[in-house]
Amino acid sequence: MTPDAPPRILGVHAHPDDESIWTGGTLARHAAAGGIVDTITCTWAAGTHRHAELVNALQKLGIDRPPRMLGYADGGVPESAPGTPKFVDAPFDEAVRAVVGHLRELRPHIVITYDAYGVYGHPDHIHAHRIALAAVEAAADPHLYIGTGSPWMVQSVYYVTIGQEQMAGGWDQLVAKTTDPATLPGTPPERIDVIEDVREWLPTKWQAIQAHQSEFNRSRTMKSMAALEPAALERLMGVESFQRRDLVGDGCSLS
Ligand SMILES: [Zn+2]
């Protein structure tokens, strides 16, 4: 990276659509500024309809680099990756190795994944957090996963999170469809490090979310999202909140 070049960002997400819902504004802004953005999606195999929707969503965000698919099965959807274990049941070391290989090849300065609670307690999100962190550390160690490329040290990891205010302001209604509302406190302000105002990018982000067309037919969360008034959509989707963890020196800023 030359001093003025934007950092390379890698998003590690559990499902096709998470890249757009949680980080769509940040990624679109970065891509528009000429930054390189890559994504790893842990569930759904290449060639499935959700993979095609993901490629389309990334294009809406201005990202033409193909998503890296780990190819594990999505919880209750065996057809997401026929003959492959559920992501949460896959051998931990195997998934970490796969992510290490992508890290060493793509050499991102920043990795974005979920907070330790998977934003709202989703088991696949929690698992993606663990796999991503284990892989970030292992990728920098030359003794681990020999043969998957030269060691690479990520500078900062950002965890997607939802603040208390955002949670109580409507996110709880959206994600309560899949999670017990009592377990949705949101992250207190003192534990949030970065809040990106992405209102300018909201139309782009919303187009990317809508590219996950089949989810609007299936998911009650997506249907509720589509029914939001524009002001509510902006309040919930116009900011993207992160916890930041620097692994070297001053780390690397998102913007
Ligand atoms: Zn998800």
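The values are calculated or read from the model by the stated rules, or taken from the named source; none is laboratory data. Bear in mind the structure is a predicted one, so any value in this text is a computation, not a measurement. Glycine also receives a Cβ, built like all others from the backbone with ideal geometry; neighbour counts cover every protein chain displayed. The accessibility values were calculated without ligands, DNA or RNA, using every heavy atom of the protein model including side chains. Shrake-Rupley method; radii C 1.70, N 1.55, O 1.52, S 1.80 Å.
The set of residues in the range 183-215 that are of a type in the set (A, V, I, L, M, F, W, C) and buried (at least 16 other Cβ atoms within 10 Å of the Cβ) comprises LEU184, ILE192, VAL194, VAL198, TRP201, LEU202, TRP206, ALA208, ILE209, ALA211. Does ALA116 count as within 16 Å of the ligand (Cβ to nearest atom), part of a loop (DSSP other than H, G, I, E, B) and at pLDDT 95 or above? It is true that ALA116 is within 16 Å of the ligand (Cβ to nearest atom), part of a loop (DSSP other than H, G, I, E, B) and at pLDDT 95 or above. Number of residues in the range 141-173 that are more than 18 Å from the chain's Cα centre (by Cα), farther than 15 Å from VAL239 by Cα and of a type outside the set (Gly, Ala, Ser): the value is 12. What about THR187, is it away from the ligand (no atom under 14 Å from the Cβ) and in contact with a helix residue (DSSP H, G or I) (Cβ under 6 Å, 6 or more places away or on another chain)? Spelling it out, it is not the case that THR187 is away from the ligand (no atom under 14 Å from the Cβ) and in contact with a helix residue (DSSP H, G or I) (Cβ under 6 Å, 6 or more places away or on another chain). ASP180 satisfies every condition listed in (1) charged (D, E, K, R); (2) open to solvent by 80 Å² or more (accessible area, probe 1.4 Å); (3) more than 16 Å from the ligand (Cβ to nearest atom); (4) closer than 23 Å to CYS252 by Cβ except (4).
From ALA81, ALA132, ALA139, ALA95, grab the single residue that is farther than 30 Å from ARG191 by Cβ and open to solvent by less than 10 Å² (accessible area, probe 1.4 Å). Steps first, please.
Numbers: ALA132 fails: farther than 30 Å from ARG191 by Cβ; ALA139 fails: farther than 30 Å from ARG191 by Cβ; ALA95 fails: farther than 30 Å from ARG191 by Cβ.
After applying the criteria, what remains is ALA81.
Counting only strands (runs of 3 or more DSSP E) that fall entirely inside the range 1-105 and contain at least 3 residues that are within 16 Å of the ligand (Cβ to nearest atom), within 15 Å of the chain's Cα centre (by Cα) and under 24 Å from LEU254 (Cα atoms), the qualifying elements are 9-13, 37-43. Residues in the range 234-249 that are outside any strand (DSSP E or B) and in contact with a Ser or Thr (Cβ under 9 Å, 6 or more places away or on another chain): 2 in all.
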